[in-house]
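Shown next, in structure tokens, is the structure this report addresses.
Read-outs throughout are calculated quantities, based only on the coordinates presented, and are distinct from any laboratory measurement. Note that the structure is predicted; figures quoted are calculated from it, not measured. Every residue, glycine among them, receives a Cβ derived from its backbone with ideal geometry; neighbour counts consider all protein chains shown.
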């Protein structure tokens, strides 16, 4: 099967209607594309994995990543693709440990994109276009800010990637800037 963004978007929108969840998917897609481009990897493939990472979350939140494998298989995605999606929930709702670089990036940046989005909404511009690493890092340290963001996952992912938190924040901001229009920021 040819993996196209159009097919992925159709798959996502079949199960996700929430504007906030769609924007989260676009943010993760943008960051995944950025990391792939920087690593010389398949930008489209990484982006589509990011786009579909929460395909089952809206309709089956209590069964997140339990329903996704079936949905993705029915849509024609292979085992490697499904494994990458499952790996982003490692230690939270799956036992699939990220092994490949792409899986580890997704695991690391999923929560971080939520923190960056929340931080952007606090800015007068409500945008990622003028977001600085220091602003996100300050919000990261404030455990009361975006309290649902699992900072331990982000830090553990940074360690697995061999990157500093600052580097991952910077790359994530740049990835989100690339899709700022879709995010409305």
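Some observations on this one:
- Residues within region 134-165 that are in contact with a helix residue (DSSP H, G or I) (Cβ under 6 Å, 6 or more places away or on another chain) and within 24 Å of residue 51 (Cα to Cα), tallied: 11
- Boolean, residue 160 is buried (at least 16 other Cβ atoms within 10 Å of the Cβ), out of contact with any strand residue (DSSP E or B) (no Cβ under 6 Å at 6 or more places or on another chain), in a loop (DSSP other than H, G, I, E, B) and in contact (Cβ under 8 Å) with a residue 12 or more places away in the chain: no
- Being assigned to a loop (DSSP other than H, G, I, E, B), more than 18 Å from the chain's Cα centre (by Cα) and surrounded by fewer than 18 Cβ atoms within 10 Å (Cβ to Cβ) is a condition met by no residue of region 100-109.
- Within region 41-70, the residues that satisfy the criterion of being over 25 Å from residue 179 (Cα atoms) and either without any contact (Cβ under 8 Å) to a residue 12 or more places away in the chain or part of a helix (DSSP H, G or I) (or both) are 60, 61, 62, 63, 67, 69, 70.
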